[in-house]
Each structure stands twice: as C-alpha cells, then as structure tokens.
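Read through the structure below, which is laid out as structure tokens, and then see the notes.
Quick note: the coordinates plus some simple rules give every number you see, no bench work behind them. As the structure is a prediction and not an experimental result, all values here were calculated from the model. Heads up, the Cβs are rebuilt from the backbone with ideal geometry, glycines too, and the neighbour counts pull from every protein chain shown.
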Amino acid sequence: CPTIVRKTIDSLVDSNNMMEFIKALGLRIEYEFLTTGVMFTKGRLKISVTKVSRSDQFGVYENLKQFSNSHLVEISISLPEGDDYTSAAKAVRDFADQLKPICDMQKLEYWR
C-alpha cells in the first residue's frame, strides 16, 4: 500500500474547561503544540497546510514560538468501515506526487 491506512474514531466534545475534561478522562499532557493554517478539499481528500507553534507553558497561548520556518502539509481521506482502501490510497499517493516539485510527502511510521 503506498500510504498509511489506520482506523480512527472521530468525536466532538464541547467543554468550557478542556484541561479539566482531559484530566477527568485520566489523561495527562506530555507536550502541547498548536497549528494555524488552512484546509483545502479535493473530492474526498483533505489537505491541510499549517505552521506548528509551541508555548513555554501549558495552556498559555501568548508569545507562541514557531518550531521552524517550514509548513506542515498533511493529506487525508476518510472511508466507511469495510470499504476497499486501495483506490483511496492511490488517490492520496497521486495527489502527493503532484506536490513533489514543492514538497516531499513521506509516510510517517508512528510505531517506530
């Protein structure tokens, strides 16, 4: 497969105090980053182009520091459970190949 395929569960949560909600779930923060940018669509593809920033203190979002001068480009597609993913994976790879002159889209192996 020319792309990474993984299952996800999307949910929407609304909270006045997100940190309290996270703690109530029994989770803890190891790091925090913020992205600002734009999202484009092309059919079922979602392409986001963002800048990644960080703050010196959790929950304080003034005076953010950029990680680098580069942009983060992500391409994704959502499919219903059980659908054949080979054509969707090919669409992602084909779009990534179109971007090759300006950026190098690589698979990230999260399990390493």
Those residues of the range 16-44 which are under 29 Å from S70 (Cβ atoms), among the small types (G, A, S) and loosely packed, with under 11 Cβ neighbours inside 10 Å, in sequence order: G43
Might you let me know whether the range 28-41 holds any residue that is out of contact with any Lys or Arg (no Cβ under 8 Å at 6 or more places or on another chain), in a loop (DSSP other than H, G, I, E, B) and among the hydrophobic types (A, V, I, L, M, F, W, C)? yes
Looking at (1) in contact (Cβ under 8 Å) with a residue 40 or more places away in the chain; (2) in a loop (DSSP other than H, G, I, E, B), which one does V92 not meet, given that it meets all the others? (2)
Taking the criterion of being in contact with a His (Cβ under 9 Å, 6 or more places away or on another chain), surrounded by 12 or more Cβ atoms within 10 Å (Cβ to Cβ) and of a type in the set (S, T, Y), would at least one residue in the range 49-63 satisfy it? yes
